[in-house]
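**Student:** Pasting a structure here, questions to come.
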Amino acid sequence: MVELAETVSDVARSEDRKEFDALVQRYHKQAYNIAYRMAGNHADAEDLTQEAFIRAFRFFGQYRRELPFDSWLYKIMSNVFIDRLRRKPKAMIRSLDQPVVTSEGEAQFDVPDNSAGPEETVLSREMDSRIQAALDTLPEAFRLTVIYADIEGMSYEEIAESTSTNIGTVRSRLHRGRRLLRNKLKSYANQLV
Amino acid sequence: MNCRRVVSLMSAYVDGELTGVEMLEIRRHLDNCAECAEEHESTLAMKLAVSRLRTIRPREDFVNSMLATLDVVQVPRYQRIINSSVRIFRSKLSPVAAALAVSGVALVLMSAGGMDNVGQQDQSQMVASAPYDGQAIEVKYVPQIPGNPISLSSSSRPLVVNESGRELTPKIELVSMAGR
Ligand SMILES: [Zn+2]
């Protein structure tokens, strides 16, 4: 029985791999953006994204094709991101009181905002960094919930499913998460609107 | 609806995640209460600020390096067997029965010593090792729920990663009874 199971899965593996590679191509950018907003820097975002796809690959044999891949991937990402970030100290700890420093690497990968003039761009980058720094201070589960709701635009039901919790918890994490963010950004509140 | 209640529902209100009746009640309240209206403004501003964050792209060759990494990831034998068992059983059995059946497979593997190979066949750090205590005498298997290989809640145990932080160990717990 063990022999048979192994043979079957060996044959299936190369096909799975092709299918999986296509899914990596399709979803890695979205996953990376979420990872970046969770981690706050590129080095950790790469680690988190890669870890999520490795774990997805290992469990890919259990993925039910009738379900959307992204909802399945969200679940794995949720688990990996929170698990890893809880264990690992931040690569870069930024304080809201200090001027925001952008690493060379960071600037290189950023998407230029062509709609804004130079001054506006500087201002929006500054804002972006402030908000990121505030996000960094949230407990991981709150941070992820806020990212899913406000960046990914997911419904409470979808977030509950992705983070293996219930809608009441999602609601409470968002409520508290946004309040924490707001307190962190209080001095910037007039620029938020 | 009083102010306290309105404030507690504000986040869900800006997300449009309340019942129609609640949405209407809050809207009416906001027309007549400056304090709550301010709370609404600021909650909405917070949501908008986060939603307007730039999309961060990975470096150009990131996806290729990730695909290359997958080349050296081995799916350990026990995992492949569990995966294909889940697939086979799921098509025939209810999720609970499938999980039980898979746990049976895992226990057979354990008793046959099949797990011993896991650490040896894994040479890269990408591959799981299965650290377990040889003195353990009670085996407790945490069944995988098919289609839901991971879970996230404060009560559930997260999947364990080894020291390199790269991989999870099989979800098999060995519990020593010596301490009881
Ligand atoms: Zn009021």
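**Student:** With only alpha-carbon atoms counted, please give the Rg and Dmax of the stretch B:1-58, in Å.
**Tutor:** When restricted to Cα atoms, the stretch B:1-58 yields Rg and Dmax of 13.4, 47 Å.
**Student:** A 24 angstrom limit on the alpha carbon distance is what I want to check against. Which of A:Lys18/A:Lys88; A:Lys75/A:Lys186; A:Lys186/B:Lys47; A:Lys18/A:Lys75 exceed it?
**Tutor:** Beyond 24 Å: A:Lys18/A:Lys88; A:Lys75/A:Lys186.
**Student:** Pop out the ³J(HN,Hα) list for the stretch A:145-162 in order, Karplus 6.51 cos²θ - 1.76 cosθ + 1.60 with θ = phi - 60°, rounded to Hz; leave Gly and Pro as x.
**Tutor:** Result, ordered by residue: 5, 5, 4, 4, 6, 9, 8, 7, x, 7, 6, 4, 5, 5, 5, 4, 4, 5 Hz.
**Student:** How would you classify the stretch A:118-165 from its alpha-carbon gyration tensor, with a ≥ b ≥ c the square roots of the eigenvalues: rounded for a/c under 1.5, else prolate if a/b is greater than b/c, otherwise oblate?
**Tutor:** It comes out oblate by the Cα gyration axes.
**Student:** Can you run phi through the Karplus equation (6.51, -1.76, 1.60; θ = phi - 60°) for the stretch B:44-52 and list ³J(HN,Hα) in whole Hz, with x for Gly and Pro?
**Tutor:** Result, rounded to whole Hz: 5, 4, 5, 4, 5, 4, 5, 5, 8.
**Student:** Still on this structure: Only four residue types carry charge here, +1 at the Cβ of Lys and Arg and -1 at the Cβ of Asp and Glu. Report the dipole size of the stretch B:3-51 about the Cα centre in Debye, rounded to the nearest 20.
**Tutor:** It works out to roughly 80 debye.
**Student:** Take the Cα pairs of the stretch A:8-87, get the Kirkwood Rh, then feed it into Stokes-Einstein at 37 °C and 0.692 mPa s and tell me D in µm²/s.
**Tutor:** 252
**Student:** Now a separate question. What is the sum of charges, Lys and Arg at +1 and Asp and Glu at -1, for the other residues whose Cβ falls under 14 Å from the Cβ of B:Asn2?
**Tutor:** Once positives and negatives cancel, what remains is -1.
**Student:** Same structure, new question: Can you tell me how the stretch B:26-67 classifies by the Cα gyration tensor, rounded, prolate or oblate, using a/c under 1.5 as the rounded cut?
**Tutor:** Values: a/c = 8.06, a/b = 5.15, b/c = 1.57.
Prolate is the answer for the stretch B:26-67, as a/c is 1.5 or above and a/b outweighs b/c.
**Student:** Turning to a different aspect of this structure: Sequence gap at least 6, Cα distance under 8 Å: using those rules, report the relative contact order of the stretch A:8-87 to the nearest whole percent.
**Tutor:** 30
**Student:** Something else about it: Please compute the average number of Cβ atoms from other chains found within 10 Å of each residue's Cβ in peptide B:13-22. The partial results should precede the final answer.
**Tutor:** On the way: counts 0, 4, 9, 2, 8, 1, 0, 0, 0, 0.
The shielding value for this peptide is 2.
Throughout, read-outs are computed from the coordinates displayed, never taken from laboratory work. Because the structure is a prediction, the values reported are computed rather than measured. Because the Cβ atoms are built from the backbone with ideal geometry, glycine has one as well, and the counts that use them run over all protein chains shown.
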